[in-house]
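FYI, it's all coordinate maths here, none of it is from the lab. Note that the structure is predicted; figures quoted are calculated from it, not measured.
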Amino acid sequence: MVFMQQTTTPQPNKNIALIGIVFFIFAVSLIMGLLFAQKNGTSTKTAEKQSLEGTTKLSLKPQAMQLKKGESTQVTVELSGSPSQAADIVVTFNPKLVKVSEVANGTVFSDILRSEVQDNQIVVSSAVDPNNPTNLKEGVLFSFTVTALASGDATLDFNKDLTITAHSGTNTLGTAEPVTLSIK
């Protein structure tokens, strides 16, 4: 009886090919995982930004809606809806009908960074205290005094191209309501 011995000889080409296939599959799965993670991360950030957009409301609240020439009233600029980390507010007015003065900080931010009354607009910039960045509030951004100069309807309005309320780098401004004062 003859015994046949089976011997296997190593086949280096098959081993190299097998190692190459395993490495290729590993590399492709790694690349696909990274691409998938980046895509999902971006869509999550985009969804977060979209959820903040248009959630902040600004309104002008005068103490008196009707004035006589020479009378004054205080007007507050109020922020509601979604608190912001920063705000750049531009309010326009007719300088022939009213004079604006005495811009004062409100309760939302600890300080006003910029406050100017120029020709026909009020420009105010504020931001959350960098030492307390999570202290976000709704309420009065700032106030100012309006003095009636001449008869007519004096509209105070937000310049929507220049007015921004921001949170995490996203403009959150939704609505910005004007107000009209009647001067007799």
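Structure data summary
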{"read-out": "Across 69/96; 137/160; 99/160; 57/96; 61/99; 57/99, pairs whose alpha-carbon gap is larger than 19 Å", "value": "137/160; 99/160; 57/96; 57/99"}
{"read-out": "Principal semi-axes in Å for the range 77-178 [√(5λ), Cα gyration tensor, largest first]", "value": "26, 14, 11"}
